[in-house]
Amino acid sequence: MSNSVNQGPIDKSIDGTVKYLDDRFSTAGFIKRNMRKVFPDHWSFMLGEIALYSFIILLLSGTYLTFFYKPSMLEIVYDGSYLPLKGIKMSEAYASTLEISFDVRGGLLMRQIHHWAALLFVASVSIHLLRVFFTGAFRKPREINWLIGTGLLTLAIFEGFSGYSLPDDLLSGTGLRIASGIVLAIPVVGTYASYLVFGGEFPGLDFMSRLYTIHVLLIPGILLGLITAHLMMVWYQKHTQYPGPGRTNNNVVGYPLLPVYMAKAGGFFFIVFGILVLVSALVTINPIWAYGPYIPDQVTAGSQPDWYIGWLDGSTRLMPNWEITIPGLFTLSLNVLIPTLILPGLMFTILGLYPWIEQWITGDKRAHHLLERPRNNPNRTGLGVMALTFYAILWISGGNDIIAQMLNLSINAITITMRAMLIIAPPIAFVITKRICLSLQHKDKELLLHGEPTGRLLRLPSGEFIEIHEPVSDAKRAVLLSRTELPMLPVPASHDANGVKTPNLWAKKLQRRLSHWWSVDQVPLPTVAELESATEHTLHELSEAQEQGVELTKDTPAPTSNH
Amino acid sequence: MSTNRKTLKLSRFRKHPAAILVVLLVGLFTTGGLYSVGANAANKMTGREAVVDIESIMSDPASIDQGNRLFATGCATCHGLKAQGTSDGPTLIGVGAASVHFQVATGRMPMGAPGAQVMRKKPIYSEEQSLQLAAYVASLSPGPAIPTDEQLDWMDAELAEGGELFRSNCAQCHAFAGRGGALTEGKYAPSLMLATPIQIYEAMITGPQAMPIFNDKTLTVEEKQAVIKYIEYLKDSPNPGGLELGRYGPVTEGLFLFTIVIGALIAAAIWIGVKAK
């Protein structure tokens, strides 16, 4: 069901262009089909747009930076215009980044735009992912697109880290040192892998040029391809929509791409671009000149990665110093292996497979085009908040030294507290979130059955006080009634009708148990009969109020205010 | 309008040919006057107080005696009547004048409360009293002396060399921009933004609290001067990138992103997403 838009007379100039293209490429059909395509409207649908626009800005600003950056580890003596480093030996990579910052026209602004846009890119991808997760937009038929999204996030993090490493300043060099340590921690092949990646002993002379190719060609290329696939799938599978009046699982209510979304999206691009340029012009990011060149024997206090690596830094800081030496063979550095390879590997695997995990638990194989309000799926919402809490604790731990410094705390105390919190806090977060969701479900049921309290009290002749309730608006009612009850799988039979044993019975039993846990606590939706009698009751109450001379407009003062 | 013209407003003279000259002179005299007042109070370059002749105080028996008296009332409780140390405070025999001057002039001594680390605070003793205390402790046994004007002559030192030395020797605790950093068990390397050149020099030669000692073999006098020059540069270097967000590194950048930038963008998205009425 799309809003009909008046088909006015076509502008002559547009007519000419369209005709020109149509004569050559037969585009009329394509344009007609797609320019009128309807998209639903909601601010949270624009979070992914922020990611797309920051990616475009990254491509543009990054291209400018490639004109001046030299991915070379060749040692030179700096002779640029930044005096505190004049005469200091450094890599050509660092010197060219200084040149971009101080001697290239607009170079520093471009660098800051590129870096702020990179932080924003990963941030907006992450927030977009949260929106998709908590509204259940990943459900069938969009599981594949969720998987692509997970891939995009992973690649965005790698792309960000590779860019952060290119300037070869003291901070990024320290980051690469840790990266090389992570590679070294891979059991058995670590040393060989590190020699392969760095072309010898760290830091070596080859790595910067290799990283550069990966940063400007390989990962952006894959990102571009995946983003295209991601958007084409949104286009082809249509966008999900929030529940509302007239919105069903079989329609899309919204506005057409042309002119409404062309204008909105185009305008939003310039807002994102504008805010990024404004921030980049006013706020320093990564003052590489202040860090100095990377020399392996130097390090600065407060060495931190950009925000999206912070949680891995945190997991490493929380990890106890476990190490197993297998005599005569090798050392198993669990202190590095677990927090930097096993943990993120596990987390991203669960993230990518989540749609299938949930589908298996609920046995829900239906296609969903209507978004689910977070409260209507308490376990999913709870699991999401639980995962976020886990992530946040790792994230905070990544800045434990800055926190210790700012708040005058002991860094050891923070680390011990965070270790405990990492285990205790997520389950608590789950329980609290689930309880809040269920309470909200109760509240929704209450609203459907008893209407909205108006805050106006009425004194009946018997002396009884009642508060007048008004039925909820149609729009709200549609939202409240959009909830579909979560399905519960039947208990699996041990044998089928022919007496054949059910294969994998234990798995089916586990599935049934999980499905039961998933849906058992939900507040049952009011039945049709309950709804009808409730409406009757409300109307009765209202007519009673009218008999007492209460006018039912919002601004009527409470009749009993002067008793 | 005619009545306005008669009133004695200063702005009447704003187009007078001599106005610029007068404003310029007033400005110059004010700045110069203020500067001379400031210059009298303390030598901005070194942090040594110009009115106090440090060397003569150090060798003057009267000031040593005065220092002894101050010590007996303010310090002896913990450090012992003869500075020999007690269970509450270390011995000060051999710590030298530089150490006493550093601790007292930065307000770290007398200590407020025991904790993981003694904090910098407003000094309790005047500069003269600090020097008298230093003279008394130095009279007990030789130790590192308060740096002289020649030792503190950092203005002509090499800035780039100072930066290199700072990154090799100081940044691992005080951080790349000298804003300080956390150490273990609640200890920390303080921010250097308040430290004067003389205090930095004294800290280097005496190694207060967790800090190592940088004697003249580890860092020569010229190298110490270069380090001081770099720290002075860090204090008020121009920041070409705009707001510096405290110079704490990517943590504050991330905080700025998730509050201000994301906040502004979501506000814009909501604004665009609002249904036209």
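The values are calculated or read from the model by the stated rules, or taken from the named source; none is laboratory data. Because the structure is predicted, anything quoted here is derived from the model rather than measured. Heads up, the Cβs are rebuilt from the backbone with ideal geometry, glycines too, and the neighbour counts pull from every protein chain shown. Only protein heavy atoms, including side chains, enter the accessible area calculation; ligands, DNA and RNA are left aside. Shrake-Rupley method; radii C 1.70, N 1.55, O 1.52, S 1.80 Å.
The figures follow:
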{"quantity": "Count - residues of segment A:264-276 that are touching a residue at least 24 places away in the same chain (Cβ under 8 Å), open to solvent by 10 Å² or more (accessible area, probe 1.4 Å) and under 12 Å from A:L120 (Cα atoms)", "calculated": "1"}
{"quantity": "Selection within segment A:426-477 - among the charged types (D, E, K, R), open to solvent by 20 Å² or more (accessible area, probe 1.4 Å) and not in a helix (DSSP H, G or I)", "calculated": "A:E452, A:R459, A:E464, A:E467, A:E470"}
{"quantity": "Odd one out for B:M119 among (1) open to solvent by less than 60 Å² (accessible area, probe 1.4 Å); (2) within 14 Å of chain A (Cβ to nearest Cβ)", "calculated": "(1)"}
{"quantity": "In segment B:165-175, residue farthest from B:T220 (Cα to Cα) [restricted to those that are out of contact with any Pro (no Cβ under 9 Å at 6 or more places or on another chain) and buried (at least 23 other Cβ atoms within 10 Å of the Cβ)]", "calculated": "B:A175"}
{"quantity": "Qualifying residues in segment A:112-132 (those that are open to solvent by 20 Å² or more (accessible area, probe 1.4 Å) and facing chain B (nearest Cβ under 9 Å)) - the one nearest to A:F161 (Cα to Cα)", "calculated": "A:H115"}
{"quantity": "Segment A:390-412: number of residues that are open to solvent by 30 Å² or more (accessible area, probe 1.4 Å), over 8 Å from A:G314 (Cα atoms) and in a helix (DSSP H, G or I)", "calculated": "9"}
{"quantity": "Helices (runs of 4 or more DSSP H) within segment B:165-237 that include 1 or more residues in contact (Cβ under 8 Å) with a residue 60 or more places away in the chain and within 13 Å of the chain's Cα centre (by Cα)", "calculated": "B:197-206, B:221-235"}
{"quantity": "Hey, B:N239 within 14 Å of chain A (Cβ to nearest Cβ) and modelled with pLDDT under 90 or not", "calculated": "yes"}
{"quantity": "Within segment A:319-342, tally of residues that are surrounded by fewer than 19 Cβ atoms within 10 Å (Cβ to Cβ) and in a helix (DSSP H, G or I)", "calculated": "5"}
{"quantity": "Count of segment A:54-68 residues which are open to solvent by 20 Å² or more (accessible area, probe 1.4 Å) and either assigned to a helix (DSSP H, G or I) or modelled with pLDDT under 95 (or both)", "calculated": "8"}
{"quantity": "Filtered residues of segment A:209-249 (kept if assigned to a loop (DSSP other than H, G, I, E, B) and either out of contact with any helix residue (DSSP H, G or I) (no Cβ under 6 Å at 6 or more places or on another chain) or under 21 Å from A:F30 (Cα atoms) (or both))", "calculated": "A:K238, A:H239, A:T240, A:Y242, A:G246, A:R247, A:T248, A:N249"}
{"quantity": "Subset of segment B:180-216 (residues that are at the interface with chain A (Cβ under 8 Å from one of its Cβ atoms) and crowded, with 22+ Cβ neighbours inside 10 Å)", "calculated": "B:G181, B:A182, B:Y188, B:A189"}
{"quantity": "Test: residue in segment A:517-540 that is at pLDDT 90 or above, crowded, with 17+ Cβ neighbours inside 10 Å and in a loop (DSSP other than H, G, I, E, B)", "calculated": "yes"}
{"quantity": "Condition check for B:G263: within 13 Å of chain A (Cβ to nearest Cβ), more than 22 Å from B:T106 (Cβ to Cβ) and surrounded by fewer than 14 Cβ atoms within 10 Å (Cβ to Cβ)", "calculated": "yes"}
{"quantity": "Any hit, segment B:141-158, residues being part of a helix (DSSP H, G or I), of a type in the set (F, W, Y) and open to solvent by less than 60 Å² (accessible area, probe 1.4 Å)", "calculated": "no"}
{"quantity": "Criterion violated by A:I186 - all others in (1) touching a residue at least 40 places away in the same chain (Cβ under 8 Å); (2) outside any helix (DSSP H, G or I); (3) open to solvent by 50 Å² or more (accessible area, probe 1.4 Å); (4) in contact with a Phe, Trp or Tyr (Cβ under 8 Å, 6 or more places away or on another chain) satisfied", "calculated": "(4)"}
{"quantity": "Qualifying residue in segment B:70-77 (condition: in contact (Cβ under 8 Å) with a residue 60 or more places away in the chain, surrounded by 15 or more Cβ atoms within 10 Å (Cβ to Cβ) and not assigned by TED's automatic domain parsing to the domain that holds B:Y201)", "calculated": "yes"}
{"quantity": "Residue in segment A:84-98 that is away from every other protein chain (no Cβ under 13 Å), open to solvent by 60 Å² or more (accessible area, probe 1.4 Å) and free of Cβ contacts under 8 Å to residues at least 40 places away in the same chain present", "calculated": "no"}
{"quantity": "Which numbered condition A:Q298 misses (of (1) at pLDDT 95 or above; (2) within 10 Å of another protein chain (Cβ to nearest Cβ))", "calculated": "(1)"}
{"quantity": "When residues of segment B:243-257 are limited to those that are open to solvent by 30 Å² or more (accessible area, probe 1.4 Å), among the hydrophobic types (A, V, I, L, M, F, W, C) and at the interface with chain A (Cβ under 7 Å from one of its Cβ atoms), the one nearest to A:I396 (Cα to Cα)", "calculated": "B:V251"}
{"quantity": "A:L109 being assigned to a helix (DSSP H, G or I) and away from chain B (no Cβ under 11 Å)", "calculated": "no"}
{"quantity": "Close pairs (7 angstrom Cβ cut-off, 6 or more residues apart or separate chains): more than 7 Å from chain B (Cβ to nearest Cβ) in segment A:397-412, assigned to a loop (DSSP other than H, G, I, E, B) and open to solvent by 50 Å² or more (accessible area, probe 1.4 Å) anywhere", "calculated": "A:I403/A:L409"}
{"quantity": "Boolean, A:S26 is under 28 Å from A:G246 (Cα atoms), at pLDDT below 90 and not acidic (D, E)", "calculated": "no"}
{"quantity": "Unmet requirement for B:L219, which otherwise passes all of (1) closer than 18 Å to B:F102 by Cα; (2) more than 14 Å from every other protein chain (Cβ to nearest Cβ); (3) open to solvent by less than 50 Å² (accessible area, probe 1.4 Å); (4) not acidic (D, E)", "calculated": "(1)"}
